[in-house]
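All remarks here apply to the structure that follows.
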Amino acid sequence: MYGFGMAKGMAVTMKNLLVPGRMFTVHQYPSRRIGPLGLAKRSGVNVVSFTIRNPVQVLKAIAGMVSVEDSDPRHPRFRGEEFTWYEERCTGCASCAKYCPLGIIRIVTDPNGQAVQEGQNYGIEVFDMDIGRCMFCGLCVEACPYDALHMGSGFEESTYRRSELVIDVERLKSAPKRPSTWFRPQLEQKGYNPQTGVELGWREVGRHEQPTLAEQQDRWSKR
Amino acid sequence: MTIQTEPITINLGPQHPSTHGVFRIRVTFDGEVVIDVEPVFGYLHRGTEKLAEERTYTQIVTLTDRLDYTSSMTNNLAYVRTVEKLGSIPVPERAMYMRVIASELQRIASHLVSTGFFLQELGVFVTLLMYCFRERERVLDLFEMLCGARVTVSYMRPGGVFQDAPEDFWPALDTFVRDMPGYIDDLEGLISDNEIVLARTRDIGVLTPELAIDSSASGPVLRGSSVQWDLRKAASYEVYDRVAFDVPIGSSGDSYDRYIVRIQEMRQSISIIQQCIDQIEPGPVRTEGPFFVRPPAGDAYSSVEAPRGELGFYIVSDGGISPYRCKIRSPSYINLTSLKDLVVGWKLADLVVIFGSVDVNMGEVDR
Amino acid sequence: MDFGGLHRLFTDFLPAGWEWIAFAVAGFLLSFAVINVMIGLTAVYTWFERRALGRFQTRLGPNRWGPFGLFQPLADVLKLITKEDVIPAVADKIAFTLAPIVLLVPGFLVVAVLPVGAESFLGELNVGILFVIGVTGVSTLAIFMGAWGSRNKYAMFGALRAVAMLISYEVPMALALTGVVITAGSLALLDIVTEQAVPFALVQPLGFIIFVTAALAEMNRTPFDLVEGESELAGGYITEFSGMKFGIFQLAEFMAPIVMSALATVLFLAGTKGWAPVPGLVWFALKAFLVLFFLLWVRATWPRLRIDQVMAFAWKGLLPLALLNMFMVALQVQLLQDPTTGELTSGDLWRMAAFNWPLAIGSIVVAANVLGQRRISRRPAAPSPLANMTAEGD
């Protein structure tokens with residue numbers, strides 16, 4: 001009454017202006033301006049010696065022309081916009097393709113099929129994933145019985161053409177292998193962080209060796 | 001001598017800053033007073049129910065994320081409970097606690113969105129919106145720890161929760177629960193006693209209890225009209241019967257009451273989360289089962305208390321891996337039926353405020 | 001700074017009958033200075049407002065262009081200049097084109113007569129306040145011209161509301177100013193500044209509050225910014241303007257707070273008076289900045305009022321208070337002034353202040369109760385008997 005409520009509101013706004021802890025940590029993606037103090041701190045020397053060694057850069061920093069990369073750190077479980085695929089582990093069973101709700105995975109294996117015996121892998125000819133339509137739900141990762149497919153951890157996948165959004169098998173083979181720890185408890189137990197960790201090889205990502213036929217039948221066709 | 005006037009019909013079109021999503025209202029004004037309202041929706045219809053007939057039960061979880069996109073966890077929960085009821089799938093204890101924690105966190109996030117946009121429409125520029133979204137970021141960070149995604153979570157599966165929480169989730173949750181009441185006090189200090197907000201929302205858009213019950217309203221819309229009805233207590237599910245909480249109600253059914261009910265519900269959610277953290281025990285989080293869930297033929301309906309009201313799923317199964325029919329009872333759609341009674345007789349500025357207080361989400365209305 | 005004598009610099013170079021050229025050149029230079037200084041200040045103010053609003057909202061303001069985003073106004077101007085200037089085919093071209101200019105010019109005119117330093121840019125005007133009130137009324141016309149020229153239903157909605165609101169709030173503003181005039185004993189702005197041994201904000205708090213509230217309404221700022229309420233009708237009277245016309249509207253809209261803060265400083269906060277070593281211009285800027293910051297703070301915090309609430313507030317709330325203020329001040333001046341010279345000593349001013357503060361608080365309390373504030377309070381909630389969720393089900 002009498003304007004006290006309005007005054008209380010003004011006090012709240014002023015508190016958010018002045019109290020330093022209220023400012024949300026703002027990450028200025030992709031890069032933020034950095035001043036001479038920040039530059040010195042990043043290189044680990046104090047400001048004066050940094051200025052003496054790199055005068056031009058300090059001047060540029062004061063004028064606001066130096067910037068560094070900045071982004072919000074993501075949790076290791078983050079479901080990124082790319083996929084990590086280990087061809088040594090993949091058998092071409094196409095469980096991921098069957099399980100995808102949108103049907104964006106296209107797998108064509110060796111059409112011959114005669115030489116394949118129980119326990120051998122299919123030769124993979126085409127393994128396309130269309131991330132233009134993918135919703136990154138991770139059901140394909142959940143389906144993979146051999147831990148060959150994992151979610152990736154990056155998100156900068158934009159291209160200039162829609163056709164380039166289809167990841168073909170060559171791109172999958174050559175992409176950096178930083179699997180997200182989503183639905184991979186063995187990676188989480190190792191404490192792996194895809195943003196800061198090293199790339200993992202195919203022997204380090206599995207929770208078990210190839211499942212047996214009985215286990216596969218149990219999982220997929222039990223009624 | 002009387003001046004000749006005639007009513008004017010304006011389209012508050014699908015793209016408008018204050019319709020929550022793509023929603024079109026054809027309003028007929030007499031001067032500035034609203035005399036008729038005709039809502040037109042369907043601009044966000046994506047055929048969810050038809051798509052559900054062609055997906056397996058686990059794949060539909062990803063579809064339900066996108067219904068009410070500001071409260072994905074409760075959408076998942078409603079659907080998954082129906083499948084479990086249909087197929088008699090047991091759920092482990094720890095999974096139930098995780099589900100309740102996720103639902104209550106989602107309730108806080110959804111009410112923050114609703115409050116932020118409600119005040120944005122009142123004209124606070126974006127100050128309150130930024131404060132609410134700043135707090136919502138903390139909830140979304142917790143969701144990212146749980147399931148790798150912030151908004152479209154796909155966290156629940158028939159038979160439990162998808163994956164257990166990582167080690168760093170619990171300290172982060174403790175910090176959140178400890179800090180959140182202070183932030184809610186901030187929000188309340190900015191709004192609840194502000195004379196301008198009171199003048200704009202008090203006694204505006206009154207929904208009488210009889211009309212609320214007759215039009216099947218649910219959620220804060222119903223509770224704002226002083227009808228104490230909450231599915232978490234009336235038809236308790238998961239572990240809500242083991243936690244103690246109040247059900248806040250409003251006093252007269254106007255827009256201000258609906259807003260106050262949401263703020264108080266946020267406080268109750270924090271207390272529920274705290275009790276769940278104290279009560280949770282280690283254990284499995286998912287009942288192991290076949291990959292393709294095959295419930296026996298039959299039908300089932302089950303509903304949960306979503307942030308916007310009673311969200312229910314009615315699934316008819318024919319014994320296969322896909323449902324035969326999946327019908328979604330969305331709260332925003334049903335709450336919207338009383339819009340005309342709420343709005344007629346008020347001015348244009350009030351139309352915006354009333355619509356904001358009813359808090360519809362077009363993802364749910366159109367499915 | 002002797003602005004009035006600037007023309008004398010040029011008369012030396014001119015033959016006898018041609019002194020008017022000196023006046024013309026001096027006038028041109030002064031106008032050039034005023035316009036450029038004001039536009040520059042407005043540009044800096046837009047940057048400041050966006051950064052400060054950002055900080056209130058726990059985010060950064062503009063920070064990409066230039067250090068701390070200081071080139072942002074430049075980027076805005078460049079963008080607006082290069083935009084296509086769309087004029088609707090059915091628009092009234094004269095009204096449409098002139099509306100931004102008519103909105104912009106009163107700001108310059110008001111600043112030109114404010115006493116910064118010893119005298120103002122335009123010399124000493126002995127009817128300063130009348131001039132100010134008259135000129136600020138012209139901005140109402142500009143809003144209506146903009147909407148009429150647009151031939152747009154939404155624009156007319158917004159503009160009619162704006163015109164009603166602006167006309168209503170000029171009355172309390174003028175009445176609050178009469179209190180100042182009576183106390184100072186003169187209409188000239190310079191005299192008002194010199195008479196303020198005690199700032200009039202302390203002497204007449206009610207007048208100050210009324211003036212700031214009415215000024216907020218005159219500038220179409222929160223909580224009275226329903227004119228351009230983006231969440232209601234797309235843009236109000238600005239809907240059809242694009243390119244530099246829109247730029248000039250925005251310029252005028254951001255210049256208005258600066259002008260009003262400067263005016264409030266002159267009238268109520270003793271303008272350029274301050275303590276010795278710091279020059280008067282710095283004190284003026286500091287006080288104007290405080291008022292400006294308050295206006296910005298209000299914008300960041302409060303929601304907006306509805307049009308009928310705005311009108312009720314003006315006619316039922318501010319007008320009686322302004323009349324009360326004017327009568328009380330007149331009574332006090334009549335009783336306290338020196339019978340022969342009509343002067344008020346600073347002791348008299350303090351006595352007026354001692355009487356006026358309780359009067360202000362008391363009258364606001366009475367007005368709040370009369371206007372029905374009491375019913376806008378929280379009532380306890382009782383569950384309706386229509387539903388009982390704890391009962392055993394059937």
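Every number in this text was worked out from the coordinates using simple rules, so none of it is lab data. Keep in mind the model is a prediction, meaning the values are calculated, not measured. FYI the Cβ positions are ideal-geometry reconstructions off the backbone, even for glycines, and counts take in every protein chain you see.
Take the Cβ atoms of residue A:164 and residue B:3, set R0 to 60 Å, and the FRET efficiency comes out at 0.40.
For segment C:176-220 versus segment B:74-115, the spacing of their alpha-carbon centroids is 61 Å. Calculated over chain A, the projected area of the Cα convex hull averaged across directions stands at 22.5 nm². Here is what passes the span test in chain A: the DSSP H helices with alpha carbon length of 20 Å or more along the helix axis and a Kyte-Doolittle mean of 0.5 or above are A:4-18. Per residue, the convex hull spanned by the alpha carbons of segment B:1-45 comes to 67 Å³. Summary value for chain B: 27 percent relative contact order, contacts being C-alpha pairs under 8 angstrom separated by 6+ residues. Between the alpha-carbon centres of segment B:125-140 and segment B:33-50 there is a gap of 28 Å. Lysine pair count for chain B with Cα-Cα distance under 30 Å and sequence separation of 8 or more or different chains is 7. One quarter of the surface of the convex hull around the alpha-carbon atoms of segment A:28-73 equals 3.2 nm², the direction-averaged projected area. Our summary gives chain C a relative contact order of 19 percent, counting only alpha carbon pairs under 8 angstrom and 6 or more residues apart. Over the residues of chain C, the helix contribution to mean residue ellipticity at 222 nm works out to -21000 deg cm²/dmol, using -39500 (n - 2.57) for each DSSP H run of at least 4. When only alpha carbons are used to place a centre, segment B:241-257 and segment C:49-119 end up 47 Å from one another. Considering only GluC sites (Glu not before Pro) in DSSP loops that have at most 15 other Cβ atoms within 10 Å, the longest stretch of chain B without any of them is B:168-287.
When each full DSSP H helix of chain C is screened for a Cα extent of at least 27 Å along its own axis and an average Kyte-Doolittle hydropathy of at least 1.0, the helices passing are C:19-56, C:93-112, C:153-184, C:243-268, C:280-301. When the inverse distances between all different Cα atoms of the protein assembly as shown are averaged and flipped, the Kirkwood radius reads 32.6 angstrom. Could you give me D for segment C:239-302, from Stokes-Einstein at 25 °C and 0.890 mPa s, where the hydrodynamic radius is the Kirkwood radius over C-alpha pairs? Units µm² s⁻¹, please. So the translational diffusion coefficient is about 185 µm²/s. Using a Gaussian network model of chain B in which every pair of alpha carbons under 10 angstrom is joined by a spring, one finds that among B:277, B:328, B:354 the greatest mean-square fluctuation is at B:277.
May I ask you to list, by number, the DSSP H helices of chain B whose Cα span along the axis is at least 20 Å and whose average Kyte-Doolittle hydropathy reaches 0.0 or more?
Working: long enough: B:72-87 (23 Å, -0.19); B:93-122 (44 Å, 0.28); B:127-147 (30 Å, 0.39); B:169-191 (32 Å, 0.22); B:255-279 (36 Å, -0.44).
Correct list, ordered by number: B:93-122, B:127-147, B:169-191.
Expressed as a fraction of 2.2 N^0.38 Å, the C-alpha radius of gyration for segment C:60-191 is 1.37. Using only the C-alpha atoms, the convex hull of segment B:153-302 corresponds to 159 Å³ per residue. Ranked by the mean number of other Cβ atoms within 10 Å per residue, highest first, peptides C:281-293, B:55-67, C:9-21 order as B:55-67, C:281-293, C:9-21.
In chain B, Rg over Rh equals 0.99, where Rg is the alpha-carbon radius of gyration and Rh the Kirkwood radius from pairwise Cα distances. For residue C:89 and residue C:160, what does the FRET efficiency come to when R0 = 30 Å and r is the distance between their Cβ atoms, rounded to the nearest 0.05? Computed FRET efficiency for residue C:89 and residue C:160: 0.80. The calculated 222 nm mean residue ellipticity attributable to helices in chain B amounts to -15000 deg cm²/dmol, summing -39500 (n - 2.57) over DSSP H runs of n ≥ 4 and dividing by all residues.
Work out the FRET efficiency for residue C:29 and residue C:126 from their Cβ-Cβ distance, taking R0 = 30 Å, and round it to the nearest 0.05.
FRET efficiency, residue C:29 to residue C:126: 0.80.
Which one of B:343, A:136, B:250 has its Cα pushed farthest toward the positive end of the charge dipole of the protein assembly as shown, where Lys and Arg give +1 and Asp and Glu give -1 at the Cβ? Among B:343, A:136, B:250, the one farthest towards the positive end of the dipole of the protein assembly as shown is A:136.
Per the Cα gyration tensor, segment C:83-369 maps to an equivalent ellipsoid with semi-axes of 36, 22, 16 Å, ordered largest to smallest. D by Stokes-Einstein for segment A:83-189, Kirkwood Rh over Cα pairs, 25 °C, 0.890 mPa s: 169 µm²/s.
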